[in-house]
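First up is the structure itself, then whatever we jot down about it.
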């Protein structure tokens, strides 16, 4: 590494448009997420924040433009979608849910031996869920479930971590504990991108911010991005879905 | 009547009872775990729909070759797979959901099947196809049932992780692996295979019974999917054995007797099961300290 000039890129957006049907939810996004950066994505509801993470996670193909991921041997993406999409009535113990984080190593058939079990124990300890191993996931509270999902993320050992509103409806103590894990990932030079609503948390923990309201409004140092005039522009976003919109000329 | 006469003698004395027992155990062992996954994927009624979908294939085999095991089995697997795949494709590429498109396809299949059977056969043949002949299983049928049970259990073991993960957290599975889609297809294949097997013994209409009733019962006893699978198999095997004994002693038709016993096990589980059984809910018990 030769100083600041060679900061590598983890994710590059190349005139990216993502959406549903032909209607854009993220419109003409251009820019780079540096490797090892800690970035918050903020904006009003319907601004395309979740859509952007889906795109990066590969769950949604771009309508236009491209998402480039740095391709290294250790590039692995871990994606935590909004919690509601998990079937909590499934009869599964917490331990098994967390152990699934080892998928990239164990895969379909790989064994889970003493070394793996120790990793699972460590992950459970890191999120404060020791003693919950045999509890069915249906009995967890919202905060405990989020802790379990963070334990699974820990085991995924990914170089890029995408979090979609990880602290929504989570109490202060749990949020603080989980933010410690986010900081730990940052210290380990992993790239973290998180969709958040609490600007106070963003200012306190996230050095970089992308403010988006379908169109990108501002992107860079958090303090500069979260200025009142930018937030006002974001709030004026047209939320209406126009069924007769014309084809985009840009 | 001593216990030997009650429980052992019918099997010891009559070969057709022994064959029925072996066939029933083979079906129960494999179909019940498949049923557990159907239930957990909220596809409990899919088994029923698929069972009807098998009929025209089996009927075609019957038209071509009479009551021939290979022809009817092959036809059944073909028709079942065709309906499963078509329903899946319609759900994926049109606005219709999978349950609605499956309902449409299986109703067409059922009508087609009954029409085909009645083109050539008598009412006896139709009854045979609809309700099976568990007391007349020959060597070929037993080998088929055993083979299906083996293939099913081995495949379920191999696919266990993606099967569970696709139910719990499909988005996570998609983010770490592409196994989800193929797993779903192979699983539907197992459903078809087990229904075709069960169809030999219990007929199209009752084959689903040994698949879903033990599975639904097991949910009342455990909140851990691995335990549920073992329990469902156990309940299924016990239902097959007890149902045959019931039919022997009470002179009832064997297939329905097996399913009735499985149904009794379900009602008993619903009443007494440790996980949400009615008795435990109704019992006035003081809440715990922590």
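Couple of notes before you dig in:
- Of B:93, B:16, the sequence from fewest to most neighbouring Cβ atoms within 10 angstrom is B:93, B:16.
- GNM remark for chain A: springs join alpha carbons under 10 Å apart, and the peak mean-square fluctuation among A:38, A:80, A:102 falls on A:102.
- Coordinate range of the alpha-carbon atoms in chain A per principal axis, descending: 57, 47, 36 Å.
- Each Cα pair under 8 Å and six or more residues apart adds its sequence gap; the mean of these over the residue count of chain A is a relative contact order of 26 percent.
- Estimated inter-spin distance, residue B:44 and residue B:9, nm [label 7 Å along Cα→Cβ]: 4.0
- With Cα atoms, 0 to 90° folded angle of helix A:172-187 axis to chain A main axis: 80
- Springs join every pair of Cα atoms under 10 Å in this Gaussian network model of chain A, and among A:228, A:136, A:44 the largest mean-square fluctuation is at A:228.
- Per-residue Cβ neighbour rank within 10 angstrom, fewest leading, B:188, A:29, B:55: B:188, A:29, B:55
- Full extension of the chain segment joining residue A:133 with residue A:221 gains 27.6 nm, where the gain is 0.36 nm per residue of separation less the Cα-Cα distance.
- Percent of C-alpha pairs per 5 Å bin, segment B:3-272, short to long: 1, 6, 13, 18, 18, 17, 13, 8, 4, 2, 1, 0
- Distance from segment A:19-57 to segment B:42-115 (C-alpha centre basis), Å: 43
- Sorted from greatest to least, the principal axis extents spanned by the alpha carbons of the protein assembly as shown come out as 88, 60, 46 Å.
- Order of B:167, A:248, B:242 under a 10 Å beta carbon neighbour criterion, fewest first: A:248, B:242, B:167
- Of the residues B:38, B:142, B:127, the one that moves most in a GNM of chain B with alpha-carbon contacts below 10 Å is B:127.
- Computed per residue of chain B from DSSP H runs no shorter than four, each worth -39500 (n - 2.57), the mean residue ellipticity at 222 nm is -27000 deg cm²/dmol.
- Projected label distance in nm at residue B:280 and residue B:154, using a 7 Å step from Cα toward the beta-carbon: 3.7
- Alpha-carbon Debye profile of segment A:14-123, log10 I(q)/I(0) at 0.21, 0.23 Å⁻¹: -1.21, -1.31
- Only DSSP H runs of four or more residues enter the estimate; each adds -39500 (n - 2.57), and after division by the residues of chain A the mean residue ellipticity at 222 nm equals -9500 deg cm²/dmol.
- Helix A:142-156 and the longest principal axis of the C-alpha atoms of chain A enclose an angle of approximately 90°.
- Over segment B:110-169, the fraction of Cα-Cα pairs per 10 Å bin, rounded to whole percents and listed from the shortest bin up, is 18, 26, 26, 23, 7.
We did not get these values from a lab; they are worked out from the coordinates using the rules stated. On a predicted model such as this, the values are computed, not experimentally measured, just so you know. Cβ atoms come from the backbone with ideal geometry, glycine included; neighbour counts cover every protein chain shown.
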